[in-house]
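Worksheet: the structure to be examined is printed underneath.
The values are calculated or read from the model by the stated rules, or taken from the named source; none is laboratory data. In this text the structure is predicted, and so the values were computed from the model without any measurement. In this analysis, Cβ positions are derived from the backbone assuming ideal geometry, glycine residues included, and neighbour counts consider all displayed protein chains. Remember, those area values only see protein heavy atoms, side chains included, never the ligands or the DNA or RNA. Shrake-Rupley method; radii C 1.70, N 1.55, O 1.52, S 1.80 Å.
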Amino acid sequence: MKPEILMMGPMMPHVEAALDEAYTVHRLFKADDRDALIAEIGPRIRGIATDGGLGASADLMGKLSALEIVSCYGVGVDAIDLGHAKSQGVTVTNTPDVLNDDVANMAVALVLATSRTLVANDTWVRQGRWQSEGAPPLARSIRGAKVGILGLGRIGKDIAEKLGVFGCEIAYHGRSKQDISYEYFDDLAAMAKAVDYLIAICPGGPSTNGIVNAEVLEALGKDGTFINVARGSVHDETALVAALHNGTLGAAGLDVFAKEPGVPEALLKMDNVVLQPHQGSGTVETRRAMGDLVVENMRRHFTGEPVKTPVT
Ligand code: A2R
């Protein structure tokens, strides 16, 4: 008999097809009455296929007494209760590394888009202002700019390497100093004060909740730019909107928000802000590789092999 698994939300067609072939898949997102579905099939569910946004709560996992594995599509597992999973001996897997390149490219794209005022200039052309007013205000070069990376992990290092090619000077902040030549700051506000661009690419969750706060944004300053390709929970969104509104922060490039898909109304009107709908890993190639890894981890688990990319 095929193992039974729970799918939290729609997945890529090739992922759904592969999972359907190997397992009896119960689609929670299609249930009219989710509680009734869980009550009926909960004790038989041995795996969860989820993503970084939907995660898996302790409440849900607590109702699945036969649960063995949570296979997450995404590297960030802040929406999965890892403490609960660990205490119940549930394996959690994610999709690291395969998305480094594209998430890093999104960070670089946002640095370039904000520094070269790409979106505002696009609007300038579309609105006919080039003809009526001439050239827009000059932008800023990133050669020689100092970039502070909050979270110099797998993706952070990729961002650092790519921006190095553009002539940026790299610094980083994390909980520990690494054996690497970039300048280390043990204090985030101190790093923000020293750099032109602050790029967040650390995990979400309690330890990073709101760490890019009013003090950090003020330290980054009126000529500074904040880029977030990590999680919306990492920045204090009220403080961020206020800093941009007051001009105490120069610009922002945001791929993630506190209450996705909600975006503060005020940001929509600011031409010094570039907005993306959480698309860091959003390419056909990377999403395919992430999907393959979700399936592969699940396959390995249920055939008794060690999973490929364990979190716990
Ligand atoms: O703190 P360290 O030295 O362990 O460095 C990690 C850093 N980090 C933090 N930095 C400051 N305060 C914290 N509370 C904190 N917690 C972790 O974030 C490390 O350098 C970096 C995370 O690197 P990786 O684990 O290699 O993650 P990866 O694959 O680069 O992805 C980062 C995040 C995901 O969790 C998603 O939320 C997002 O990118 O897509």
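Would you confirm whether any residue within segment 176-187 is aliphatic (A, V, I, L, M), in a helix (DSSP H, G or I), at pLDDT 95 or above and within 27 Å of D102 (Cβ to Cβ)?
no
Provide a single number: the residues in segment 264-284 that are in contact (Cβ under 8 Å) with a residue 12 or more places away in the chain, within 21 Å of the chain's Cα centre (by Cα) and either farther than 25 Å from I159 by Cα or not in a loop (DSSP other than H, G, I, E, B) (or both).
5
Can you pull out the residues in segment 188-216 that are within 11 Å of the ligand (Cβ to nearest atom) and either open to solvent by 60 Å² or more (accessible area, probe 1.4 Å) or without any contact (Cβ under 8 Å) to a residue 60 or more places away in the chain (or both)?
Within segment 188-216, L188, M191, A200, C202, P203, P206, S207, T208, N209 meet the criteria.
Which one is farthest from L112 (Cα to Cα) among residues in segment 274-308 that are of a type in the set (S, T, N, Q) and crowded, with 19+ Cβ neighbours inside 10 Å?
Once the filter is applied, the top-ranked residue is N297.
Only one of L138, L244 is away from the ligand (no atom under 16 Å from the Cβ), at pLDDT 95 or above and part of a loop (DSSP other than H, G, I, E, B); which? Write out each step before concluding.
On the way: L244 fails: part of a loop (DSSP other than H, G, I, E, B).
It is L138.
Collect the residues in segment 192-216 that are closer than 14 Å to I149 by Cα and among the hydrophobic types (A, V, I, L, M, F, W, C), keeping them in residue-number order.
A192, A194, V195, L198, I199, A200, I201, C202, I211, V212, V216
Pick from segment 231-241 the residues that are open to solvent by 10 Å² or more (accessible area, probe 1.4 Å) and either within 12 Å of the ligand (Cβ to nearest atom) or aromatic (F, W, Y) (or both): which of them is farthest from V212 (Cα to Cα)?
Checking each candidate, the answer is R231.
Yes/no per residue for (1) open to solvent by less than 20 Å² (accessible area, probe 1.4 Å); (2) touching a strand residue (DSSP E or B) at 6+ places or on another chain (Cβ under 6 Å); (3) within 16 Å of the ligand (Cβ to nearest atom); (4) among the hydrophobic types (A, V, I, L, M, F, W, C):
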{"residue": "E4", "(1), (2), (3), (4)": "no, yes, no, no"}
{"residue": "A39", "(1), (2), (3), (4)": "no, no, no, yes"}
{"residue": "I45", "(1), (2), (3), (4)": "yes, yes, no, yes"}
{"residue": "A49", "(1), (2), (3), (4)": "yes, yes, no, yes"}
{"residue": "E68", "(1), (2), (3), (4)": "no, yes, no, no"}
{"residue": "S87", "(1), (2), (3), (4)": "no, no, no, no"}
{"residue": "T93", "(1), (2), (3), (4)": "yes, yes, yes, no"}
{"residue": "N105", "(1), (2), (3), (4)": "no, no, yes, no"}
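Inspect segment 157-169 for any residue being on the phi > 0 side of the Ramachandran plot and either modelled with pLDDT of 95 or more or acidic (D, E) (or both) and give the result as yes or no.
Within segment 157-169, one or more residues are on the phi > 0 side of the Ramachandran plot and either modelled with pLDDT of 95 or more or acidic (D, E) (or both).
For a quick check of your reading of the model, give me the residue pairs whose first member lies in segment 158-187 and is open to solvent by 60 Å² or more (accessible area, probe 1.4 Å), whose second is more than 15 Å from the ligand (Cβ to nearest atom) and among the charged types (D, E, K, R), with beta-carbon atoms closer than 7 Å and at least 6 apart or on different chains.
Final answer for the pair search is F166/R143; E169/K146.
Does segment 160-170 include one or more residues that are in a strand (DSSP E or B) and within 18 Å of D223 (Cβ to Cβ)?
yes
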